[in-house]
1. Measure nothing but the geometry: give the 0 to 90° angle between the long axis through the Cα atoms of B:160-177 and the longest principal axis through the Cα atoms of chain B, rounded to 10°.
2. For region A:219-239 and region A:134-208, what is the separation of their C-alpha centers, rounded to whole Å?
3. Mind checking the dipole of region A:20-266: about its Cα centre, +1 per Lys or Arg Cβ, -1 per Asp or Glu Cβ, Debye to the nearest 20?
4. What is the calculated FRET efficiency for A:E412 to A:F289, with r their C-beta to C-beta distance and R₀ = 35 Å, to the nearest 0.05?
5. Taking the Cα centre of region B:2-203 as origin and charging only Cβ (+1 Lys, Arg; -1 Asp, Glu), how large is the dipole, in debye to the nearest 20?
6. Compute the distance in nm between two label points, each set 7 Å from the Cα along the Cα-to-Cβ direction, one at A:Y271 and one at B:R126.
7. Regarding region A:92-242, what whole-number volume in Å³ per residue does the convex hull of its Cα atoms give?
8. Go ahead and collect, in residue order, the members of region B:23-62 whose backbone nitrogen is under 13 Å from a label point 7 Å along the Cα-Cβ direction of B:T8.
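The numbers here are math on the coordinates, done by the rules we state, and not lab data. Just so you know, these numbers come straight off a predicted model, no measurement behind them. FYI the Cβ positions are ideal-geometry reconstructions off the backbone, even for glycines, and counts take in every protein chain you see.
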Amino acid sequence: MESKRSWFNRGALRLDLHNSWPIWAGYTLFWLVAANFMATSTYTLREPALEMARFWENCTGLSVFFVTPIYGCMVAAWLLRGLYHSRSALAIHALPVQRRQLFAAHLISGTVFLAIPTLVMAVYGLVRFLPGQSDLTQGLVAMGQSLGATWMMYLWCLGFALLCGMLTGQLWVAVGFFFTFNFLAVGLAVMVSDLCRKFLPGYASGGGLMEAAGWFSPWYNVGMTVSHYQGTLNGAGLLTGYALAGLVCMAAAYLLYRKRPLERAAELVIYRPLRVVLRWGVGLCSALFGSSFLQLLLGSTSSPVRIFVLMTVCAWVGLLATRMLELKSFRVLNLRLTGEFGGMALVLALFMVALNTGGLGYVTRVPNPDKVDHIDLSLYNQAYYGPVAGSDLELTLTDRQQMEELIQWHREYSQLLLQNADYPDEKYNGVVQSTEAAAYGTRSGWAEEYHYNSMMIRYQYPNGGSMVRNYTVVTTRQGVGDPNDPDHQLAQVLSRVDIPAILESWAPYSQIYQMQEGVSYDAGSRNRAFMEALAQDLREGNWQYSFLEDPAFRDQEAQITLNIDYSLPESRGLVQGNGFDVILSEEYTPRAWELYTQYYQ
Amino acid sequence: MIQVKNLTKNFDGFKALDHLDLHVPKGAVYGLVGPNGSGKSTVIRHILGSYIPDSGTVEVAGQPVWENPAVKAIMGNIPDDFYFPISADMNEMKKHYQSFYSSFDQERFEKLASIFTSIDRNKPLRSFSKGMQKQAAFWLVMSCRPQVLVLDEPVDGLDPVMRRQVWSVLLSDVAENGTTVLVSSHNLRELEDVCDHVGILYKGRMLLERSLDELQNNIVKVQMALAPGRELAPLPEGFQLLHQSVLGRVHTLIIRGEQQALEAALAAQEPVVLDLLPLSLEEIFIYELGGQDDGIKEILV
């Protein structure tokens with residue numbers, strides 16, 4: 001087995017396995033205790049015939065989201081422990097063994113460390129649940145799924161932790177890298193989105209940025225995606241992807257190991273080019289996280305200069321701290337670091353200037369009508385009180401003329417936003433104060449001043465791509481009927497939308513289901529009948545559409561809001577809330593109320 | 001047996017080894033000496049195959065050492081600070097070494113036990129003193145019957161009796177098996193007793209590398225007194241004056257050059273007294289470096 005080209009070395013494997021029993025024995029013990037607890041929990045006992053399946057489904061959650069990532073990191077740290085001290089690193093590498101053999105021994109040991117607990121758990125599961133299982137197949141399938149998910153997560157975590165371990169010369173830094181990099185991308189994406197939202201009117205997080213951030217935040221992503229319930233393991237593809245990525249990480253770790261300079265044991269970063277990456281990475285992360293934290297402490301007004309100053313100071317602290325850790329000294333200030341300080345300040349200044357001047361065309365970017373397949377509009381009224389409170393609307397525009405009108409409005413609106421960067425903020429702040437006053441003061445407060453709405457426009461392209469913008473559209477009493485007011489213009493555009501036709505094109509069940517909030521009911525035939533009746537009413541003109549510009553404001557006519565989400569029957573009166581907490585009442589929406597009572601009561 | 005050619009190593013811009021050449025003949029006991037920070041440990045770590053050279057080659061028994069288990073298998077190594085895994089005792093270490101070294105000699109291991117009697121085989125080695133750990137290291141390494149031994153401060157921490165015993169075992173191995181030994185130490189008096197070759201390292205370069213006999217013949221301490229009114233004449237070509245001091249009429253000179261020719265040249269000045277004395281390795285080290293190192297120059301003054 002041990003030829004000249006062999007990857008196997010008996011001595012190296014022996015060295016890895018020697019005294020390693022506390023690692024896997026502790027892990028096994030934990031699982032046996034946890035499993036025993038889960039097995040006797042009331043939840044599993046509710047379905048005695050499927051106890052085994054439910055047991056393994058419970059195990060999956062605990063394993064994949066919590067225990068396996070920690071264990072994978074621990075195993076990697078244990079296997080690489082010899083690399084972090086000069087004495088041990090030199091001693092091990094002076095032995096007659098190649099690095100590839102040492103690395104292969106790490107991988108074999110890592111596999112053994114999970115294989116033993118897995119085996120013990122499988123035996124435990126069988127012995128515990130086998131008697132009395134009427135549906136053994138389901139139990140065995142669940143066991144296979146659970147153990148498979150654990151192994152896939154383990155492969156990812158072990159591989160990634162080995163890679164992190166290869167980048168640094170300190171054990172705790174390796175562990176720190178593992179935990180940080182598993183969540184960093186999504187944290188950064190949230191921070192950047194938060195900043196963009198402050199300075200880029202219409203900015204929509206999500207889409208590509210958040211999706212990529214999710215993929216690069218594996219532990220977080222798995223936690224959000226994977227579930228094991230009633231025989232179905234959701235997110236198996238994702239786990240497989242990460243398992244493969246784990247194998248790639250192992251290969252990368254090996255390539256790094258081949259050239260690892262042992263003289264740098266105990267250094268913060270082993271490979272010199274990565275030092276700059278780490279310094280700047282920590283600096284930029286400090287800028288984003290630190291400035292957000294300080295803004296919270298100091299009270300946040302979105303002054304770009306203030307944010308720039310906070311970001312720069314935090315970035316410098318991050319740079320300085322990293323340099324100190326690199327050199328293990330407090331005396332690190334020199335010409336080079338001063339230059340890096342200047343460079344960092346310049347980068348942040350450019351970033352803030354770019355944000356403050358429309359994000360390199362982001363604010364005013366509106367697609368040409370001929371490039372758009374259709375437009376999805378989601379409008380949410382967020383007023384607490386009043387006849388339009390909580391009225392939400394989701395539309396899909398396919399009519400070319402309607403789309404052109406909306407795009408034209410969007411162009412003008414975005415230009416206005418760019419010219420007056422304070423436009424949404426100023427109004428928004430006013431609205432918040434006003435609505436709060438209304439909520440805690442007189443009920444008529446809503447009608448005197450403002451109400452505000454959030455709007456999402458999604459341009460869907462024929463190739464499947466999309467462009468999304470989110471706006472806070474503030475409707476003022478003064479602006480109603482003013483042809484120069486952009487909100488009024490939007491209302492005009494929307495008023496021309498053929499609502500009944502759109503309503504008919506909806507899939508009623510899914511729409512109702514999507515728009516309900518925290519209320520669960522069957523999307524059964526009564527819903528369909530209700531929607532059809534509603535559509536019929538709209539076709540016959542029994543109702544008038546009013547969303548942003550409510551006729552009730554002007555002439556006291558009866559008005560209807562498209563409250564497609566119907567609340568629980570108890571919610572008859574005015575209920576304080578926002579968003580989807582829709583008011584359906586006899587007083588304000590008599591026709592809808594009539595329909596509702598007809599079909600639901 | 002050990003050939004290092006043009007070896008260069010930088011540590012973050014600091015040149016630890018600068019085009020270093022080193023040659024250890026088979027069966028030689030080679031003393032590697034040099035001031036602190038001269039690069040001795042760095043060379044040794046290259047020879048052991050732990051460090052990757054920036055440039056140059058390191059060969060043992062005609063083969064490169066880096067990632068070559070076949071070569072490493074004939075080498076034994078005792079660093080200044082030997083590494084024992086957590087909780088490993090002597091029996092466990094023996095098993096580790098047996099699994100790495102096919103040449104591990106169980107019989108010899110048991111035979112050496114009679115020398116290292118103070119080591120409890122069942123106690124964790126990390127709980128031992130530095131001297132005891134060094135004994136354990138010797139016991140293990142010598143049991144592997146290495147053809148090449150690389151030692152860094154090998155007897156540092158050992159008591160005088162154990163020092164003598166360790167050197168005795170080591171030298172008998174050299175005599176019986178032709179083992180090649182490269183030893184780095186600051187204890188030059190001890191090295192002088194055991195080495196037959198010496199290399200002096202200074203700032204990552206090999207200052208000189210010779211057999212000890214050759215070295216001692218090449219540098220000589222001269223004490224001569226001249227007749228009243230006579231001045232010391234300049235040395236002829238081919239001799240290098242490393243150090244000179246005068247006390248009354250007595251001149252003390254450290255001169256590099258061929259001893260017999262030097263004696264003849266000095267005799268030509270008709271001194272009243274002329275003595276040529278051999279230098280110890282320590283003196284050679286100090287006078288050789290005296291020309292390089294300002295700190296040592298001051299000591300000599």
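1. Between helix and principal axis, roughly 80 degrees.
2. Taking the Cα centre of region A:134-208 as reference, the centre of region A:219-239 is 12 Å away.
3. On the way: 13 positive and 7 negative charges, 184 e Å.
Using only the charged Cβ atoms, the result is roughly 880 debye.
4. Numbers: r = 37 Å, r/R0 = 1.06.
The computed FRET efficiency comes out at 0.40.
5. Values: 21 positive and 24 negative charges, 47 e Å.
Roughly 220 debye, rounded to the nearest 20.
6. Rounded to a tenth, the inter-label distance reads 3.1 nm.
7. Working: hull volume 24.3 nm³, N = 151.
With only Cα atoms used, region A:92-242 gives 161 Å³ per residue.
8. B:53-57
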